[in-house]
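What follows is a short report on a single structure.
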Amino acid sequence: MPDSHFSHSADRLKQIAGDVLDYAAQRGAGAAETEVSEGFGQTVTVRRGEVETIEYNRDKGIGVTVFIGKQRGHASTTDFSPQAVRDTVDAALSIARFTATDECAGLADEDMLAREVRDLDLWHPWGLPVERAIELATACEEAGFAVDARLTNSEGATVSTQESHFVYGNTLGFLAGYPGSRHGVWCALIAGKNDEMQRDDWYETSRDAAELPAAESVGRRAGERALRRLGARKIATTQVPVLFEAPVAANLLGHFVSAVSGGNLYRKSSFLLDSVGKAVFSPRVNIGEQPHIARGLASTPFDEEGVATQPRDVVKDGVVQGYFLGSYSARKLGLRSTGNAGGNHNLVLQDTGTDFAGLLKTMSAGLLVTELLGQGVNPVTGDYSRGAAGYWVEGGAIAYPVQEITIAGNLKDMFRGIVAVGNDVICRGSRQCGSILIERMTIAGD
């Protein structure tokens, strides 16, 4: 690892992890696993031309899980001293001795562990002096205000840089880790006209700061979005096509992931039980998991248990191909881990070859949703009801902004009713997708 601002080297993290596992074995653990991590970052926010906050974070930690037979105990510490390490292992062992036996407890299956840990280019340090971060945040906000005189206030512009590294090890002989980084620029502006005030924001994030757009472009986009919302009105209750703009469309993928993830499946708290092999989506929908994308925000060569990750089809022509499982949930379901302990890795929704303007034309008349409010989703039934704001579309073009409405439906119907997926892909986390056009939903307004 090149010179960095980490307090501990990768070799030091590996040494600590090895000490944890050795001591756990000495103290009678039949199996054990540990993660040793460290991270630091800087976040600067400027509001109305003044520095509002400068935050520095530096964190480290050790998590220890031990197994005595099929009894499991877990403990953690932020102290890397040898005595603290031993005390943490002893605490985990003490917890395990008082825990009920669970036949599904244990380390990942040895034959599934990653034996070759490939470099996915996830660490790009950004030597960003605080003075330069202030300059970037200031330029971002100023560019937003410069869009129009009606942009009268701000929630601020933020520039953030974060780095971390970790090592995971277990008593099956696995010991590996890697560093990562994540940097971002965010801005939120408020437009005013008479007594009306409207807010909107924009942000960009990347593993590599060199791939971020200019801070000024983020501010301008935030300003333009806030400005477009002036004159928002309510609409009458109706049933129409709904287009979810890319930043909010990723939420729909999130609901799917949750419904076909192990914990919800074995607890039978999902509306998509026993869905493998079934047509859950429109035939136009194809979703893949791509954990090895270079510099991907959710890329990883192995999951939180050391299981090797693999590219795979999750949905093909609308049909579910597999779940998201860690070792424990897989055993509860009588299946094998899919390498998803800790979540999904770069879920990619394939577009249907249509740009955003084409989606509007395909919809012709309906609702474009750019903001979702509330948490009105029932994971057991799939019932969906959320506050929303966006734009009314007529003749394949945006007509005027709308607000104070509720969109409602059922996720099963929504997934089957996907008409098209745009190529206007936004990637801000573990799910990558463009805007999603749904055939029909209920809009509750006046």
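Under the condition of being open to solvent by less than 20 Å² (accessible area, probe 1.4 Å), of a type in the set (Gly, Ala, Ser) and more than 22 Å from ALA259 (Cα to Cα), the residues counted in region 421-446 number 1. Of the listed requirements (1) modelled with pLDDT of 95 or more; (2) closer than 30 Å to ASP11 by Cα, ARG118 misses just one: (1).
Taking the criterion of being open to solvent by less than 60 Å² (accessible area, probe 1.4 Å) and out of contact with any helix residue (DSSP H, G or I) (no Cβ under 7 Å at 6 or more places or on another chain), the residues of region 232-246 that qualify are ALA232, ILE235, THR238, VAL240, VAL242, GLU245, ALA246. Counting only helices (runs of 4 or more DSSP H) that sit completely within region 325-437, those holding 3 or more residues that are closer than 30 Å to GLY306 by Cα and touching a residue at least 40 places away in the same chain (Cβ under 8 Å) correspond to 327-332.
The set of residues in region 67-80 being closer than 24 Å to HIS8 by Cα, free of Cβ contacts under 8 Å to residues at least 60 places away in the same chain and open to solvent by less than 40 Å² (accessible area, probe 1.4 Å) consists of ALA75, THR77. ALA294 meets all of the listed conditions (1) open to solvent by 20 Å² or more (accessible area, probe 1.4 Å); (2) within 22 Å of LYS278 (Cα to Cα) but one, namely (2).
Matching residues to (1) open to solvent by 20 Å² or more (accessible area, probe 1.4 Å); (2) among the acidic types (Asp, Glu); (3) under 30 Å from ARG312 (Cβ atoms):
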{"position": "HIS345", "(1), (2), (3)": "no, no, yes"}
{"position": "GLY366", "(1), (2), (3)": "no, no, no"}
{"position": "ASN378", "(1), (2), (3)": "yes, no, yes"}
{"position": "TYR391", "(1), (2), (3)": "no, no, no"}
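The number of residues in region 72-98 that are part of a strand (DSSP E or B) and modelled with pLDDT under 95 comes to 0.
Checked across region 24-41, the condition of being part of a helix (DSSP H, G or I) and open to solvent by 20 Å² or more (accessible area, probe 1.4 Å) holds for at least one residue. Residues in region 399-416 that are open to solvent by 60 Å² or more (accessible area, probe 1.4 Å) and either in contact with a helix residue (DSSP H, G or I) (Cβ under 6 Å, 6 or more places away or on another chain) or at pLDDT 95 or above (or both): LYS412, ASP413, ARG416. Within region 87-107, residues that are touching a residue at least 60 places away in the same chain (Cβ under 8 Å) and closer than 20 Å to ILE16 by Cβ reach partners that are of a type in the set (Phe, Trp, Tyr) and open to solvent by less than 50 Å² (accessible area, probe 1.4 Å) with beta carbons closer than 9 Å, at six or more positions or on different chains, in the pairs VAL89/TYR23; ASP90/TYR23; LEU107/PHE67; LEU107/PHE174. Under the condition of being of a type in the set (Ser, Thr, Tyr), exposed (fewer than 12 other Cβ atoms within 10 Å of the Cβ) and within 23 Å of the chain's Cα centre (by Cα), the residues counted in region 42-62 number 1.
Contact map, region 247-266: residues that are open to solvent by 10 Å² or more (accessible area, probe 1.4 Å) paired with residues that are assigned to a helix (DSSP H, G or I) and among the charged types (D, E, K, R), Cβ distance under 6 Å, separation 6+ or inter-chain. Pairs shown: TYR266/LYS332.
A search for C-beta distances below 9 Å between a residue of region 108-131 that is on the phi < 0 side of the Ramachandran plot and any residue that is of a type in the set (Ser, Thr, Tyr) and open to solvent by 100 Å² or more (accessible area, probe 1.4 Å), counting only pairs 6+ apart in sequence or on different chains, returns VAL130/TYR56. As for region 267-288, it holds no residue that is in contact (Cβ under 8 Å) with a residue 60 or more places away in the chain and at positive phi.
The values are calculated or read from the model by the stated rules, or taken from the named source; none is laboratory data. Owing to the predicted nature of the structure, the values given are computational and were not obtained by experimental measurement. Here the Cβ is made from the backbone with ideal geometry for all residues, glycine too, and neighbour counts use every protein chain on show. Surface accessibility is based on the protein's heavy atoms, side chains included, excluding ligands, DNA and RNA. Shrake-Rupley method; radii C 1.70, N 1.55, O 1.52, S 1.80 Å.
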